[in-house]
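Beneath this line is the structure, given in structure tokens, with notes to follow.
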Amino acid sequence: TTVGDLGEDAAGRPVLVRGAAQAIRPVSKRMAFVVLRQGMSTVQCVLVASADAGVSTQMVRFATSLSKESIVDVEGVVSLPKEPLKATTQQVEIQVRKLYCINRAIPTLPINLEDAARSEAEFERAEQSGEKLVRVGQDTRLNYRAIDLRTPANQAIFRIQCQVENKFREFFLSKNFVGIHSPKLISGSSEGGAAVFKLQYNGQPACLAQSPQLYKQMAICGGFDRVFEVGPVFRAENSNTHRHLCEFVGLDAEMEIKEHYFEVCDIIDGLFVAIFKHLNENCKKELDTINRQYPFEPLKYLEKTLKLTYEEGIQMLKEAGTEIEPMGDLNTEAEKKLGRLVKEKYGTEFFILYRYPLAVRPFYTMPCYDDPAYSNSFDVFIRGEEIISGAQRIHTPELLTKRATECGIDASTIASYIESFSYGAPPHGGFGVGLERVVMLFCALNNIRKTSLFPRDPQRLVP
Ligand code: ATP
Ligand code: AMO
């Protein structure tokens with residue numbers, strides 16, 4: 001039996017349920033409650049010593065002697081509760097006939113799950129009423145992630161993450177993209193930056209892929225007109241921020257462009273509107289569960305995604321009193337401010353900013369035909385933070401060599417990539433999304449570590 005499926009229609013039915021004993025409350029020698037949890041759902045189990053039910057006082061004592069989080073099997077009959085139950089639990093009880101302990105947890109866990117599941121508002125209310133509750137810090141949570149992951153909010157976060165990934169795949173398959181897997185052990189940097197993890201590959205220097213960039217483009221050269229990939233991305237980030245991980249899940253796409261790189265933006269528009277709709281319509285339980293611990297406003301987005309030029313963005317910031325170097329990049333603070341301004345003016349927290357200065361984009365980015373100081377590139381923002389970078393790519397070896405050199409990259413280190421464009425290569429473009437960032441920002445969570453199962457940041461390699 002699945003706890004989440006237990007409803008009033010099950011009343012009177014015998015059931016056998018395995019779960020974790022989340023809370024154990026003795027009432028008397030003859031009576032106790034055990035709250036049993038499976039995933040995001042809990043059900044209250046009632047033990048009452050009675051000869052009719054075959055429940056002895058020893059069994060009640062045994063149940064109350066269990067340590068929290070022990071795994072138990074409960075055999076019993078579903079019943080309607082005598083008193084109203086909390087809205088967060090199943091609205092039926094199980095009258096226990098038999099209870100077996102399958103595996104005991106240690107008596108005192110390093111994290112108290114009830115504390116780990118409380119919202120900030122609960123802590124504040126408790127403080128005001130003089131009750132002492134202990135907040136569970138981020139590091140403690142991550143040190144004992146196997147316990148921390150059991151909170152309802154965490155169970156919901158990773159179900160949402162799975163839905164985003166699944167929708168991403170579904171959407172691309174429906175648009176005739178082919179799923180690919182590019183190598184993660186590669187010979188050099190793919191983004192031109194220094195943030196690479198270096199290693200030895202049978203005596204040769206190598207590194208972990210910073211993105212599938214060069215290989216997804218070479219797949220286009222290889223005759224696949226549309227490809228996507230879901231895979232790990234490694235960045236040797238050297239600072240601790242709320243939105244950078246050293247390993248994250250990259251959702252990447254690359255496609256032939258027929259006339260204009262806005263064809264890529266149209267794919268992003270369709271993809272994300274589909275993802276947001278799906279989450280809002282089909283993941284209500286998960287979103288409500290996250291909301292209870294980490295309250296957030298639903299994301300505001302338009303049916304047709306807003307596109308603004310980088311210049312318009314700079315102008316909006318300028319008018320609001322923020323001076324930005326017009327040909328420089330936006331820093332984190334400016335991105336956030338622009339997010340707020342766009343929300344006020346256009347009523348959306350999801351938008352595309354395009355036509356970035358060429359100088360702030362990677363070497364493979366196509367310069368604008370009308371003004372090569374700008375580029376056919378874009379970033380996409382949720383709640384004022386970047387979730388996507390993308391662009392049209394350079395598809396001629398001459399220009400690619402020139403741009404690599406201008407960006408300080410020795411073209412000989414990426415010779416096979418550059419040569420791929422001399423064998424007949426179509427105009428193309430694509431984009432990369434960070435899965436953890438999408439979930440973090442859709443749910444307005446304040447830290448990317450919350451949306452990574454076992455996060456890797458500059459300090460953390462275990463667990
Ligand atoms: P990516 O670099 O992969 O595109 P990003 O969110 O870091 O993702 P950028 O446009 O490079 O986007 O950076 C935007 C701003 O974020 C930078 O101006 C800088 O303020 C900040 N930033 C970027 N990387 C880091 C980092 N590793 N540590 C601290 N701050 C960073
Ligand atoms: P970029 O470097 O902007 O672009 O990365 C694409 C997206 O990946 C996410 N991201 C990160 N997420 C967590 N931790 C990090 N350290 C981190 N760095 C990036 C962000 C970002 O928008 N090759 C290009 C994409 C392309 O043009 O196709 C690229 O890698 O959500």
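The values are calculated or read from the model by the stated rules, or taken from the named source; none is laboratory data. Predicted model, so just to flag it, every value in this text is computed and none were measured. All Cβ positions, even for glycine, are placed from backbone atoms using ideal geometry, and neighbour counts span all protein chains on display.
Which of the following residues is more than 11 Å from the chain's Cα centre (by Cα) and within 29 Å of Tyr354 (Cβ to Cβ): Phe431, Phe442, Phe454? Of the residues listed, the single one that is more than 11 Å from the chain's Cα centre (by Cα) and within 29 Å of Tyr354 (Cβ to Cβ) is Phe431. Only one entry of Arg141, Arg159, Arg118, Arg150 meets the criterion of being assigned to a loop (DSSP other than H, G, I, E, B), under 24 Å from Glu286 (Cα atoms), in contact (Cβ under 8 Å) with a residue 12 or more places away in the chain and out of contact with any strand residue (DSSP E or B) (no Cβ under 9 Å at 6 or more places or on another chain), and that entry is Arg118. Contact map, the stretch 180-203: first residue closer than 26 Å to Gly222 by Cα, second residue away from ligand 1 (no atom under 16 Å from the Cβ) and of a type in the set (Ser, Thr, Tyr), Cβ cut-off under 7 Å, separation 6 or more or different chains; pairs are Ser182/Tyr215; Pro183/Tyr215; Leu185/Tyr201; Gly188/Thr413.
Out of curiosity, is Thr241 buried (at least 22 other Cβ atoms within 10 Å of the Cβ), of a type in the set (Ser, Thr, Tyr) and modelled with pLDDT of 95 or more? For Thr241, the condition - buried (at least 22 other Cβ atoms within 10 Å of the Cβ), of a type in the set (Ser, Thr, Tyr) and modelled with pLDDT of 95 or more - is not met.
Of all residues in the stretch 288-295, none are closer than 21 Å to Lys343 by Cα, touching a residue at least 60 places away in the same chain (Cβ under 8 Å), among the hydroxyl-bearing types (Ser, Thr, Tyr) and part of a helix (DSSP H, G or I).
With respect to (1) in contact with an Asp or Glu (Cβ under 9 Å, 6 or more places away or on another chain); (2) within 16 Å of ligand 2 (Cβ to nearest atom); (3) among the aliphatic types (A, V, I, L, M), the lone exception for Ile111 is condition (2).
Residues checked against (1) more than 29 Å from Leu279 (Cβ to Cβ); (2) surrounded by 19 or more Cβ atoms within 10 Å (Cβ to Cβ):
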site	(1), (2)
Pro295	no, no
Lys300	no, no
Glu303	no, no
Gly321	yes, no
Asp329	yes, no
Val360	yes, no
Tyr369	yes, no
Val380	no, yes
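For the stretch 362-463, list the helices (runs of 4 or more DSSP H) that sit wholly inside it and hold at least 1 residues that are away from ligand 2 (no atom under 11 Å from the Cβ) and among the aromatic types (Phe, Trp, Tyr); which are they? Outline the logic, then answer.
On the way: elements: 397-406, 415-420, 435-442.
It comes to 415-420, 435-442.
Selection within the stretch 249-283: residues that are closer than 30 Å to Ala425 by Cα and touching a helix residue (DSSP H, G or I) at 6+ places or on another chain (Cβ under 6 Å). The member of this set that is farthest from ligand 1 (Cβ to nearest atom) is Ile257.
The set of residues in the stretch 120-158 that are within 21 Å of Lys68 (Cα to Cα) and of a type in the set (S, T, N, Q) comprises Thr140, Asn143, Thr151, Asn154, Gln155.
Among the residues of the stretch 333-358, those that are of a type in the set (A, V, I, L, M, F, W, C), under 27 Å from the mean Cα position of the chain (by Cα) and crowded, with 18+ Cβ neighbours inside 10 Å comprise Ala334, Leu338, Val342, Phe350, Phe351, Ile352, Leu353.
Considering the stretch 286-340 alone, what residues qualify as being of a type in the set (Lys, Arg) and either more than 30 Å from Thr42 (Cα to Cα) or within 16 Å of ligand 2 (Cβ to nearest atom) (or both)?
Taking the stretch 286-340 as the starting set, the residues that turn out to be of a type in the set (Lys, Arg) are 292, 300, 304, 307, 318, 336-337, 340.
Once the filter is applied, which keeps residues that are of a type in the set (Lys, Arg) and either more than 30 Å from Thr42 (Cα to Cα) or within 16 Å of ligand 2 (Cβ to nearest atom) (or both), the stretch 286-340 yields Lys300, Lys304, Lys307, Lys318, Lys336, Lys337, Arg340.
Between Asp5, Asp73, Asp52, Asp9, the distinction of being surrounded by 14 or more Cβ atoms within 10 Å (Cβ to Cβ) and charged (D, E, K, R) belongs to Asp73 only.
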